[in-house]
Amino acid sequence: MMTRRDFLQTTTAAAAFAMTAPGGAAPLASADSEWFDRPMRWAQLNLTEDDPAKMDRAFWLDYFRRIHADGACLSAGGVVAFYPTKIKYHHRSKWLDGNESFYADMLDGCRKQNIVVLARTDPHATYQDVYEAHPDWIAVDANGKKRPHPDYPSMWLTCTLGPYNFDFMTDVTREIVEMYNVGGIFSNRWTGNGMCYCEHCVRNFREAYHEDLPRNHDPRNPVYRNYLMWEQARRFELWNLWDTEIRKVRPDARYIANSGGGALSGLDMKKVGEMSPTLFADRQCRERVMVPWANGKNGKEYRSTLGNKAIGGIFNVGIVSPYRWLNSTKSPAETRIWVQDGVANGLRPWFNMVSGQLHDRRGLKVIEDLYVWHHKNERYLRNTAPIARVGMVYSQQTAEFYAGPADARRLVEDPQLGFYQALVEARIPFEMVHDHTLTPANIDRFKTLILPNIAALSDEQCQQLRDFVQRGGSIVATHETSLCDEQGNLRKDFGLADLFCASFVSRVNTKTALQNTYLYPQKQNPLYATLLRGMEDADTLIGGTWQLNVKPHAGGAQQPLSRIPEVANLPMEKTFWTVEKTDMPDVFMNQVGSGRVVYFPWDIDRVYWDVMAHDHQRLLLNAIEWATNEPSPLRVTGQGMFDATVWTQKNSMTVHLVNFTNPMAMRPQMHELIASPPQAVEVDIPKGKHVVRVHTLMQEGPMPHTLTGNTLKFRVPSVLDYEVIAIDFA
């Protein structure tokens, strides 16, 4: 059986071979050697089939010039060919007759402006003639039925992992880079349409594992776990193939996958970070109940494995989710906050327009405003490194092998979001950390690592965390962190039991959430005042909805909170307490050398995200403050909700303040911008740096300040939506 480690080693070796031994005929030259870091502002036209005849090409080329776009993504092939393709079954646009030079004209216009161009492909669907000639290319459901396209009649969904992509779309990819001098191919929806049961997938999986494809997505099912490994390997094999074929033709061009993200992302982000010269976070807007800092979270997640590689943030000025109004225009306030929080967290803006025909021009103005400002201040936005002493770990293996698709939101994403919201409200700079990057070189820049129910950890990962604490690092962990191995198998005890000073006994509940549970503050405990700062008058606090029974180690951690078991919820007459106090601890605070560990054996982070109880926020932040045991490198005080980040550049620092103070902060769409009250800022200047100028990039003026030692202090009178304070060094 292939393990996750075997898979990563195998695909890494394959990628290295593909990059060093492309083979083939003499390659064509590419116009942009190592172009990946150059573009700062991207423009994408998601073309519709009638655009070659109806789109105003001159308008768009002039618009690209006005907004200082230096990267463009133009639809080329797949579902529709926007150029005169010679490949059979590659559906040529019906509006291309008489407009055969359409794609070449757009490409030449961009090249004259020194714009890097990516050619977009979409392989997720095909037509009736392909269905009839190559029925094995079509996706098949678990019942053995071919899958028609759910939105467009007479079209069919394709199998991602079969000959349609490996043969047909490889030919399309090769043809595009042979005909056009593009920087690479950007593929959308290339990872497919869910699990496929076509003859190729059935045969290939059986050859790999001698098993039939699973019929459910239960992470406890070893066949499903094998499927996840096989699917990952097959997708990276396809990525490798396309990248190799592109580089045979144009050595400096690359395949750029539209993929990646956080714990719930389908592809292993560590591997994605290794293979990608650049990447783009396709999170185009908010939907339903969604925080405005979600776009900044995208930047942190991608950066956790891509490091300093350029990362674009794709956005749309329309409302495209959860419903598809592809040619709409939302409030400029909503677009501004979404894009600006991405920029504050390291994303380079990339707008996406569906159709080159302008159905509503209103969205163009906000893009131009954002891009012109971005271009003017580009030197301060080429960020070298974020300054943060807190890192939050996220774990794809926990999502896949412990939670599974049915429970990943509750068990993995929600705990992370709870911590994220608390940190944003406290204006604490922090970064995301992938659980496969727990090496000293990557994590020793942090004082504290947060583990929000990171249940699935290998023995090696547990040792990496243990070593981190021994080197003076600190940990704040919750619920079932380290209770399972990397495959989601339940351990007899926590992998980090020695750090927690507690051992697993049992799960209090497994099927339904607890209600009406409480915490009792142990006011005689030495750390009571520290953990319950701001809640000194509390007699009881809200407890958890998913809890573990744990056994404290003798002479171990401090336990300033104890558990009061669940009280009946109904009938009201029966909701009286039968127990006033217990000696069951619900927090463990442990000093390990110069490192510190806080462990909550319940879902405090998830409940905070679900309920937003202020007591839980205070407990989380007090725990982080005690664990970190040093001042944050950036301190911002004042009323309102802000995302606060701080970056270094070559000869400067920048402090970013994104103002989320808005009645629509947690629900799209923001209808207006509301100016904040004054904000007092303190930021630590790196040793050896001499400050020569402090100024604002939005208000465009000098910022009065004082410098005491290495602490720079200033007062921002107000922030409407976004302010960047630039600190220039000699």
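Residues of segment 622-647 with backbone nitrogen within less than 18 Å of a virtual label 7 Å along the Cα-to-Cβ line of T708, please, listed as ranges.
631-638
Give the percent of DSSP beta bridges with both residues in the chain that are antiparallel, rounded to the nearest 5.
If I count the DSSP bridges inside the chain, around 55 percent turn out antiparallel.
How big is the dipole moment of segment 634-729 about its Cα centre under a simple scheme where the beta carbon of each Lys and Arg is +1, that of each Asp and Glu is -1, and everything else is neutral? Debye, nearest 20, please. Intermediate values should be presented prior to the final figure.
Working: 8 positive and 8 negative charges, 70 e Å.
About 340 debye.
Can you give me the convex hull volume of the Cα atoms of segment 390-628, divided per residue and expressed in Å³?
So the per-residue hull volume is 118 Å³.
If I take the Cα coordinates of segment 552-651 and project them onto the principal axes, what are the three extents in Å, biggest first?
66, 38, 19
So which aspartates and glutamates pass the test for K713, namely a Cα distance under 20 Å, with those fewer than 8 places away in the same chain ruled out?
Partners found: E630, D643, E682, D684, E700, E723, D728.
Residue by residue, what Karplus-based ³J(HN,Hα) values in Hz, rounded to whole numbers, does segment 590-601 have, using 6.51, -1.76 and 1.60 with θ = phi - 60° and x for Gly and Pro?
10, 9, 10, x, 8, x, 9, 10, 10, 10, 9, x
Hey, what's the per residue convex hull volume over the C-alpha atoms of the chain, in cubic angstrom? Before the final figure, lay out each step's value.
On the way: hull volume 128.5 nm³, N = 730.
Considering the Cα atoms of the chain, their hull volume per residue is 176 Å³.
Which trypsin sites (Lys or Arg not before Pro) from segment 490-595 combine a DSSP loop assignment with at most 14 other Cβ atoms within 10 Å?
Here the trypsin sites (Lys or Arg not before Pro) that fit, given the DSSP loop and packing criteria, are K492, K511, K523, R533, K581.
Given Cα pairs under 8 Å that are at least 6 residues apart, what percent is the relative contact order of the chain?
Relative contact order, the chain: 11 percent.
Would you mind classifying segment 461-535 by shape? Square roots of the alpha carbon gyration tensor eigenvalues, ordered a ≥ b ≥ c; an a/c under 1.5 is rounded, otherwise it is prolate if a/b is larger than b/c and oblate if not.
It comes out oblate by the Cα gyration axes.
With loop defined by DSSP as not H, G, I, E or B, and exposure as at most 13 other Cβ atoms within 10 Å, which is the longest segment of the chain clear of exposed GluC sites (Glu not before Pro)?
Numbers: sites that count: E34, E100, E211, E536, E580, E672, E700.
With a cap of 13 other Cβ atoms within 10 Å, the longest stretch comes to 212-535.
Counting each DSSP H run of 4 or more residues in the chain as -39500 (n - 2.57), what helix-only mean residue ellipticity at 222 nm follows after dividing by all residues, to the nearest 500 deg cm²/dmol?
It lands at -8500 deg cm²/dmol.
With each pseudo-label sitting 7 Å past Cα toward Cβ, what's the D539-N569 distance in nm, one decimal?
The modelled label-to-label distance comes out at 2.4 nm.
Suppose we take every Cα in segment 199-263 and form the convex hull; what volume per residue is that in Å³?
112 Å³
At 7 Å along the Cα-to-beta-carbon direction for both A142 and V223, put a label point, then send me their distance in nm to one decimal.
1.1 nm
Taking K511 as the anchor, which aspartates and glutamates have their alpha carbon closer than 16 Å to its alpha carbon, excluding any fewer than eight residues away along the same chain?
Leaving aside aspartates and glutamates fewer than 8 places away in the same chain, those within reach of K511 are D218, D407, E480, E566, D603.
Across segment 276-406, what fraction of all alpha-carbon pairs, as a whole percent, falls in each successive 5 Å bin from zero upward?
2, 9, 18, 20, 20, 14, 10, 4, 3, 0
What FRET efficiency, computed as 1/(1 + (r/R0)^6) with R0 = 35 Å and r the Cβ-Cβ distance, is obtained for E378 and R324, rounded to the nearest 0.05?
It comes to 0.55.
Which of K300/K447; K300/K376; K271/K330 have a Cα-Cα distance over 28 Å?
K271/K330
Roughly how many debye, to the nearest 20, is the charge dipole of the chain about its Cα centre, given +1 on each Lys and Arg Cβ, -1 on each Asp and Glu Cβ, and no other charges?
Its charge dipole is roughly 980 debye.
Using the Kirkwood radius over Cα pairs, work out the Stokes-Einstein diffusion coefficient for segment 634-729 at 10 °C and 1.306 mPa s, in µm²/s as a whole number.
Working: Rh = 14.0 Å.
D = 114 µm²/s.
Quote the FRET efficiency, to the nearest 0.05, computed for E199 versus A675 with a Förster distance R0 of 56 Å and r equal to the Cβ-Cβ distance.
0.35
Once you have the Cα-Cα distance between D444 and S506, take 0.36 nm times their residue separation minus that, and quote the gain in nm to one decimal. If you can, show how the numbers build up before the last one.
On the way: separation 62, 0.36 × 62 = 22.32 nm, distance 3.35 nm.
Residue separation times 0.36 nm, minus the Cα-Cα distance, leaves 19.0 nm.
Scanning the chain for chymotrypsin sites (Phe, Trp or Tyr not before Pro) in DSSP loops with at most 16 other Cβ atoms within 10 Å, what's the longest stretch left with none?
Longest site-free region, per DSSP loop and neighbour criteria: 326-575.
Consider a paramagnetic label point 7 Å from the Cα of N651 along Cα→Cβ; state which residues of segment 676-699 have an amide N under 12 Å from it.
692-693
Mean separation of Cα pairs under 8 Å and 6+ residues apart, divided by the residue count of segment 634-729: what relative contact order is that in percent?
Normalised by residue count, the contact order of segment 634-729 is 35 percent.
Can you report the principal axis dimensions of segment 689-730 using only the alpha carbons, biggest first, rounded to whole angstrom?
That works out to 31, 17, 13 Å along the principal axes.
Mark the label point 7 Å from the Cα of A406 along Cα→Cβ and return the residues of segment 547-576 whose backbone N is within less than 14 Å of it.
Flagged as within label range: none.
Taking a cut-off of 16 Å, what percent of all Cα-Cα pairs in segment 231-312 are separated by more than that?
Percentage above 16 Å: 55.
Counting Lys and Arg as +1 and Asp and Glu as -1, each charge on the Cβ, what is the dipole of segment 549-592 about the Cα centre in debye, to the nearest 20?
Dipole of segment 549-592, to the nearest 20 debye: 100 debye.
Normalise the Cα radius of gyration of segment 465-606 by 2.2 N^0.38 Å (N = residues in it) and let me know the number.
On the way: Rg = 15.8 Å, N = 142, 2.2 N^0.38 = 14.5 Å.
Normalised by 2.2 N^0.38 Å, the Cα Rg of segment 465-606 equals 1.09.
Kindly state, to the nearest 0.05, the FRET efficiency for E207 paired with Y152, given R0 = 45 Å and r defined as their beta-carbon distance.
Calculated value: 0.85.
On a full-extension model of 0.36 nm per residue, what is the gain between V289 and V611, subtracting their alpha-carbon distance, rounded to one decimal in nm?
Result: 114.6 nm gained on full extension.
Each reported figure results from applying straightforward, stated rules to the coordinates on display, with no laboratory input. The model shown is predicted, which means the values in this text are computed figures rather than measured ones. When we count neighbours, we look across all protein chains shown, and the Cβ atoms used for this are built from the backbone with ideal geometry, even at glycine.
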